[in-house]
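Heads up: the structure comes next, in structure tokens.
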Amino acid sequence: MSGENIRKARQNDLEAVNKLLRQVLEVHHRGRPDLFRPEGKKYTDEELLSIFNNPETPVFVYDKAGTVLGYAFCVLQRQDSGSLQPLTTLYIDDICVDESSRGNGIGKALFEYVRAFALERGCYNITLHVWECNPGARAFYESLGLSPQYTSMETICQWPRT
């Protein structure tokens with residue numbers, strides 16, 4: 001794959017990452033408009049830059065000839081208290097491939113890169129959350145070998161007022 005690589009996000013990736021974040025918001029809003037607004041930003045540009053620069057929250061981008069086509073937001077989480085075994089988890093907070101490039105192996109490449117990163121850092125596991133309103137994402141993650149760790153359930157007590 002000539003001209004393609006996965007690397008850590010940089011400041012000049014802000015516009016591309018924001019574009020992908022908007023695509024994720026659109027998917028979530030379509031699936032759960034009671035929770036997700038039709039417009040908005042998950043992070044300010046300043047917050048994104050802080051995340052990019054924090055070694056505990058690496059963001060990896062899939063770059064093809066200078067164009068960012070996907071990202072994986074990660075968080076290193078450590079537990080060592082109570083009844084839980086001490087271990088480090090790499091949590092994938094968000095993964096997205098540009099809608100025009102889906103189905104071309106970019107998501108799998110990003111995940112495999114994240115897996116290698118987690119192994120290099122001695123992580124016990126990789127976790128992520130997937131919204132039930134996004135069956136395509138769930139099927140994608142299952143195709144990569146992920147399986148449910150636990151289920152989070154809800155009941156809606158009161159619809160938001162508009």
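The values are calculated or read from the model by the stated rules, or taken from the named source; none is laboratory data. Treat the numbers as computed from the prediction; the structure is a model and nothing was measured. Here the Cβ positions follow ideal geometry from the backbone for every residue, glycine too, while neighbour counts run over all protein chains shown. Only protein heavy atoms, including side chains, enter the accessible area calculation; ligands, DNA and RNA are left aside. Shrake-Rupley method; radii C 1.70, N 1.55, O 1.52, S 1.80 Å.
The set of residues in the stretch 48-66 that are in a loop (DSSP other than H, G, I, E, B) and touching an Asp or Glu at 6+ places or on another chain (Cβ under 9 Å) comprises Thr57, Ala65. Among the numbered conditions (1) among the polar types (S, T, N, Q); (2) in contact (Cβ under 8 Å) with a residue 60 or more places away in the chain; (3) open to solvent by 90 Å² or more (accessible area, probe 1.4 Å), the only one that Asn12 does not meet is (2). Out of all the residues in the stretch 48-66, is one or more open to solvent by 20 Å² or more (accessible area, probe 1.4 Å), touching a His at 6+ places or on another chain (Cβ under 7 Å) and of a type outside the set (Phe, Trp, Tyr)? No, there is no match, as no residue in the stretch 48-66 is open to solvent by 20 Å² or more (accessible area, probe 1.4 Å), touching a His at 6+ places or on another chain (Cβ under 7 Å) and of a type outside the set (Phe, Trp, Tyr). Close contacts from the stretch 74-99, counting a first residue that is farther than 29 Å from Glu26 by Cβ and a second that is surrounded by fewer than 17 Cβ atoms within 10 Å (Cβ to Cβ) and among the aromatic types (Phe, Trp, Tyr), with Cβ to Cβ under 7 Å and a gap of 6+ residues or different chains, come to Leu87/Tyr124; Thr88/Tyr124.
If you filter the stretch 81-121 down to residues that are part of a loop (DSSP other than H, G, I, E, B) and under 20 Å from Leu20 (Cα atoms), you find that the one that is least open to solvent (accessible area, probe 1.4 Å) is Asp98. Listed conditions (1) over 18 Å from Arg22 (Cβ atoms); (2) part of a loop (DSSP other than H, G, I, E, B); (3) touching a residue at least 40 places away in the same chain (Cβ under 8 Å) are all met by Cys133, apart from (1). Among the residues of the stretch 136-153, those that are surrounded by 15 or more Cβ atoms within 10 Å (Cβ to Cβ) and outside any loop (DSSP other than H, G, I, E, B) comprise Ala137, Arg138, Phe140, Tyr141. Within the stretch 34-47, the set of residues being surrounded by fewer than 13 Cβ atoms within 10 Å (Cβ to Cβ) and not in a loop (DSSP other than H, G, I, E, B) comprises Glu46, Glu47. Looking at Gln23, Gln11, Gln77, just one residue is modelled with pLDDT of 95 or more and more than 15 Å from the chain's Cα centre (by Cα), and that residue is Gln11. The sole residue among Phe117, Phe140, Phe111 that is closer than 28 Å to Arg10 by Cβ and touching a Pro at 6+ places or on another chain (Cβ under 9 Å) is Phe117.
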